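The block underneath contains the structure these notes are about, expressed in structure tokens.
The values are calculated or read from the model by the stated rules, or taken from the named source; none is laboratory data. Note that the coordinates shown come from a computational prediction; the quantities given were computed from them, not determined experimentally. Cβ sites come from the backbone with ideal geometry, for glycine too, and all protein chains shown count toward neighbours. Ligands, DNA and RNA are stripped out before the accessible areas are found, and what is left, the full protein with its side chains, is counted by its heavy atoms. Shrake-Rupley method; radii C 1.70, N 1.55, O 1.52, S 1.80 Å.
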Amino acid sequence: MTHGKTSYACLACRVSYKQPYDRTRQRICPRCAEPMLHAGSAFAAPRRRDLAGWRTLAVLLNAGVGFHKSCCGGPGYRPRTPREVRERMAYARRSGEPAVKALVRSDVP
């Protein structure tokens with residue numbers, strides 16, 4: 001079933017593409033021919049040369065955190081730096097909270 005456009009990201013090439021959403025079809029990167037990750041319709045890619053931003057993004061997408069529109073218009077809080085990711089992952093280890101939930105916390109206790 002096809003809906004609106006959504007973003008797919010290739011972490012190796014540091015690129016993203018808007019494509020029609022189709023959960024039955026794996027998207028392949030046109031640059032390297034590797035599978036791309038579904039990032040969501042509210043995704044805004046970092047600049048290609050922003051290595052820290054892409055490292056942060058890799059942790060988020062591999063943990064299952066997407067960038068999908070919600071009822072309030074956006075995906076909510078997402079860490080933007082490796083430091084913010086480290087803080088939230090350390091909290092997840094300490095508290096036992098799943099990483100996917102800890103990564104989207106705006107504040108870490």
In the range 35-52, anything in a loop (DSSP other than H, G, I, E, B) and hydrophobic (A, V, I, L, M, F, W, C) is listed as Met36, Ala42, Phe43, Ala44, Ala45
Checking Arg86 against (1) surrounded by 15 or more Cβ atoms within 10 Å (Cβ to Cβ); (2) within 24 Å of Ala12 (Cα to Cα), only one condition comes out false. Which one? (1)
If you check Thr56, Thr6, which single one turns out to be touching a residue at least 24 places away in the same chain (Cβ under 8 Å), of a type in the set (Ser, Thr, Tyr), within 22 Å of Tyr77 (Cα to Cα) and touching a helix residue (DSSP H, G or I) at 6+ places or on another chain (Cβ under 8 Å)? Thr56
What residue, among those in the range 59-83 that are touching a helix residue (DSSP H, G or I) at 6+ places or on another chain (Cβ under 7 Å) and either farther than 22 Å from Met36 by Cα or among the β-branched types (Val, Ile, Thr) (or both), is least open to solvent (accessible area, probe 1.4 Å)? Val65
Just one listed residue, out of Cys32, Cys13, is surrounded by 13 or more Cβ atoms within 10 Å (Cβ to Cβ), part of a loop (DSSP other than H, G, I, E, B) and without any contact (Cβ under 8 Å) to a residue 24 or more places away in the chain, and it is Cys13
Subset of the range 16-29, residues among the polar types (S, T, N, Q) and either under 15 Å from the mean Cα position of the chain (by Cα) or surrounded by fewer than 13 Cβ atoms within 10 Å (Cβ to Cβ) (or both), comes to Ser16, Thr24, Gln26
Let me confirm something: among Arg55, Arg49, which residue is open to solvent by 40 Å² or more (accessible area, probe 1.4 Å), closer than 14 Å to Ala12 by Cα and in contact with a Pro (Cβ under 7 Å, 6 or more places away or on another chain)? Arg55
